[in-house]
Amino acid sequence: MKHPIQRAVAFLFCLFLLTPAARGASLTLEGAPLDAGPVSVYEDTTFVSLRAVAEALIPDAAVSWQWDRAVVQSSQLTLAASPGENALICNGGRVELAQPVLLEEGCTLVPVRPLAALLGAQVSWDPATGTVDLSPATRYAQDDLYWLSRIISAESRGECWEGKIAVGNVVRNRVRSNEFPDTIYGVIFDERWGGQFEPVRNGTVYLDPTPESIEAARACLEGANTVGESLYFLAPHLTDNHWTMENRTYITTIGAHWFYE
């Protein structure tokens, strides 16, 4: 936990971080102007009000200030943002940001793209007008969310947010690959070589997913990616089958899982 002096320094840092040249964007919701408070662009990153965007996209969102952070609570998720921190906390998982959360005119400002992904929205940018447009996500079927959230939950309970995203990335990458079925359901229930995923064999894929896994699935379906084009993952200490390690290209390790192309 941060010392009070550290929190004070973080707040002062946020108050002076933005420069006059960092202003000039506007925000719309499905093309209609959104009364969203300050909208700022800093180092090619557009920052928007956490409260305004959350309340616009989530009908039951309740936003409050709790000690040193802004907190969004709804039936879908709990999301926290602390000025000066390079991360958002979504359902207890840490989502790293390239730029720190800001504080301007009494508003907590966060980068729009990671925020939109967590809230299940799409983002488009019109450079001619300096307008950022938000729209609720419609590019995926509920059946895809249903099964992707279940395989993420079953494969990555106890893993960090990035690890959950990574599992979802592997499933989606397989859908796009000619080596695997072309649907999320088909990839998860692919029966070749005795089945592709242990949760399908032991039945845990049918358990209700954790709230964080649902949000991770939404983020994956909206383009969040932590492992590039990886098609395989395994936990080496939990398996005797090292075919992947011996035949595929290693990409990275996140938590207990090693990922391969």
Single unsatisfied condition, residue 146 versus (1) assigned to a helix (DSSP H, G or I); (2) within 18 Å of residue 259 (Cβ to Cβ); (3) within 21 Å of the chain's Cα centre (by Cα): (2)
Can you go through 230, 213 and tell me which one is under 21 Å from the mean Cα position of the chain (by Cα), in a helix (DSSP H, G or I) and closer than 13 Å to residue 163 by Cβ? 213
So which residues in the stretch 42-68 are surrounded by fewer than 18 Cβ atoms within 10 Å (Cβ to Cβ), more than 26 Å from residue 209 (Cβ to Cβ) and either of a type in the set (Lys, Arg) or in contact with a strand residue (DSSP E or B) (Cβ under 7 Å, 6 or more places away or on another chain) (or both), if there are any at all? 45, 64
Look at residue 78 and say whether it is under 14 Å from the mean Cα position of the chain (by Cα), of a type outside the set (Gly, Ala, Ser), over 17 Å from residue 224 (Cβ atoms) and surrounded by 15 or more Cβ atoms within 10 Å (Cβ to Cβ). yes
Among all residue pairs at least 6 apart or on different chains, which show Cβ distances below 7 Å where the first residue, located in the stretch 233-258, is loosely packed, with under 15 Cβ neighbours inside 10 Å and the second is in a loop (DSSP other than H, G, I, E, B) and of a type in the set (A, V, I, L, M)? 235/256
Given the conditions (1) surrounded by 16 or more Cβ atoms within 10 Å (Cβ to Cβ); (2) closer than 29 Å to residue 73 by Cα; (3) in contact (Cβ under 8 Å) with a residue 40 or more places away in the chain, which single one is not true for residue 188? (2)
Among the residues that make up the stretch 167-189, is at least one of them at pLDDT below 90 and either part of a helix (DSSP H, G or I) or within 25 Å of residue 254 (Cα to Cα) (or both)? no
Right, residue 162: touching a strand residue (DSSP E or B) at 6+ places or on another chain (Cβ under 7 Å), in contact (Cβ under 8 Å) with a residue 40 or more places away in the chain and in a helix (DSSP H, G or I) or not? yes
Would you please list the contacts, defined by Cβ atoms under 8 Å and residues six or more apart or on different chains, that run from a residue in the stretch 203-223 that is at positive phi and surrounded by fewer than 17 Cβ atoms within 10 Å (Cβ to Cβ) to a residue that is of a type in the set (A, V, I, L, M) and in a helix (DSSP H, G or I)? 223/117
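Those residues that are acidic (Asp, Glu) and over 14 Å from residue 168 (Cα atoms), I need them from the stretch 180-214; list them, please. So that I can check it myself, show each step before the final result.
Start the filter on the stretch 180-214 by keeping residues that are acidic (Asp, Glu), which leaves 182, 190-191, 198, 208, 212.
Answer for the stretch 180-214, where residues must be acidic (Asp, Glu) and over 14 Å from residue 168 (Cα atoms): 182, 190, 191, 198, 208.
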Note: among 135, 124, 153, just one is of a type in the set (Ser, Thr, Tyr) and buried (at least 24 other Cβ atoms within 10 Å of the Cβ), namely 153
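Identify all residues within the stretch 138-149 that are in contact (Cβ under 8 Å) with a residue 60 or more places away in the chain and surrounded by 15 or more Cβ atoms within 10 Å (Cβ to Cβ); write none if there are none.
140, 144, 145, 148, 149
The values are calculated or read from the model by the stated rules, or taken from the named source; none is laboratory data. What you see is a predicted model; the values in this text were computed from it and never measured. Ideal geometry is used to build each Cβ from the backbone, glycine not excepted, and the neighbour counts take in all protein chains shown.
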